[in-house]
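This report concerns only the one structure given below.
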Amino acid sequence: SQKIEQNSEALNIQEGKTATLTCNYTNYSPAYLQWYRQDPGRGPVFLLLIRENEKEKRKERLKVTFDTTLKQSLFHITASQPADSATYLCALDLRRGGYNKLIFGAGTRLAVHP
Amino acid sequence: DVKVTQSSRYLVKRTGEKVFLECVQDMDHENMFWYRQDPGLGLRLIYFSYDVKMKEKGDIPEGYSVSREKKERFSLILESASTNQTSMYLCASSLGVTGLDEQFFGPGTRLTVL
């Protein structure tokens, strides 16, 4: 069966450390993979997109890797801050013509402690 | 900035009522989406539209219908609300051009069906 999995338990880390979140999937062949941030009571906000032929993508303190052999993406936040506390969602981008159908994971809640 | 607005943040309805959820985007996006989000299940796609008057079923369309009469507006209709439709409903839009396919989300409508 098809599924996308993120760590269901919250990730608690100390300020200044690197947070690493995992996204694993089975029986999908995504062309792209996207990461979103969601704060309580709000809609998700796009962070990064990585293509299947890209190994790594960076944006400021964020880094995403995409291993299509392992069927896994890792999302890193370096020098984490309390303001980074949120739920992070990965989404498989099943590109279909002119629209992108996203399959979302359930998300991992990150708590950064001062 | 892209703005996606939803007609209500909170809504309480009774079983059997017909419910309309409205979504408006202001950036001339081609694609619009309706998701529901439940704890532990992530975002699940209900319906999407890639053009005016066009609609496609998502993964969980049963009990819902949609309408897109104008490009900027996408409505979700619950024909006869049931308690298992109590959820957070999120609308999103995307440009529709490959490589620029991040989805922009509205703030969500928390619907409670009694």
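So here's what we get for this one:
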| item | result |
| --- | --- |
| Filter result (in a loop (DSSP other than H, G, I, E, B) and open to solvent by 50 Å² or more (accessible area, probe 1.4 Å)) within region B:8-25 | B:Arg9, B:Arg14, B:Thr15, B:Glu17, B:Lys18 |
| So A:Ala10, is it of a type outside the set (Phe, Trp, Tyr) and either open to solvent by less than 30 Å² (accessible area, probe 1.4 Å) or in contact (Cβ under 8 Å) with a residue 60 or more places away in the chain (or both) | yes |
| Which numbered condition A:Thr87 fails, given (1) in contact with a Pro (Cβ under 7 Å, 6 or more places away or on another chain); (2) within 14 Å of another protein chain (Cβ to nearest Cβ) | (1) |
| Subset of region A:22-53 (residues that are outside any strand (DSSP E or B) and surrounded by fewer than 17 Cβ atoms within 10 Å (Cβ to Cβ)) | A:Asn27, A:Tyr28, A:Ser29, A:Ala31, A:Asp39, A:Pro40, A:Gly41, A:Arg42, A:Glu52, A:Asn53 |
| Residue among B:Asp59, B:Asp28 that alone is among the charged types (D, E, K, R), out of contact with any strand residue (DSSP E or B) (no Cβ under 7 Å at 6 or more places or on another chain) and part of a loop (DSSP other than H, G, I, E, B) | B:Asp28 |
| Matching residues in region A:40-52 - criterion: being more than 9 Å from every other protein chain (Cβ to nearest Cβ) and closer than 12 Å to B:Gly108 by Cα | A:Pro40 |
| Hits in region A:80-114 (condition: at pLDDT 95 or above and open to solvent by 50 Å² or more (accessible area, probe 1.4 Å)) | A:Gln81, A:Pro82, A:Ala83, A:Arg109, A:His113 |
| Within region A:54-63, considering residues that are in a strand (DSSP E or B) and touching a residue at least 12 places away in the same chain (Cβ under 8 Å), the one most open to solvent (accessible area, probe 1.4 Å) | A:Lys59 |
| Residues of region B:46-57 satisfying the condition of being surrounded by 17 or more Cβ atoms within 10 Å (Cβ to Cβ), within 11 Å of chain A (Cβ to nearest Cβ) and either within 16 Å of B:Asn84 (Cα to Cα) or over 11 Å from the mean Cα position of the chain (by Cα) (or both) | B:Tyr50 |
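The values are calculated or read from the model by the stated rules, or taken from the named source; none is laboratory data. Fair warning: this is a prediction, and the values are worked out from it, not measured in the lab. Cβ coordinates were reconstructed from backbone atoms using ideal geometry, including for glycine residues, and neighbour counts include every protein chain displayed. Quick note on the areas: whole protein, heavy atoms, side chains included, nothing else; ligands and nucleic acids left out. Shrake-Rupley method; radii C 1.70, N 1.55, O 1.52, S 1.80 Å.
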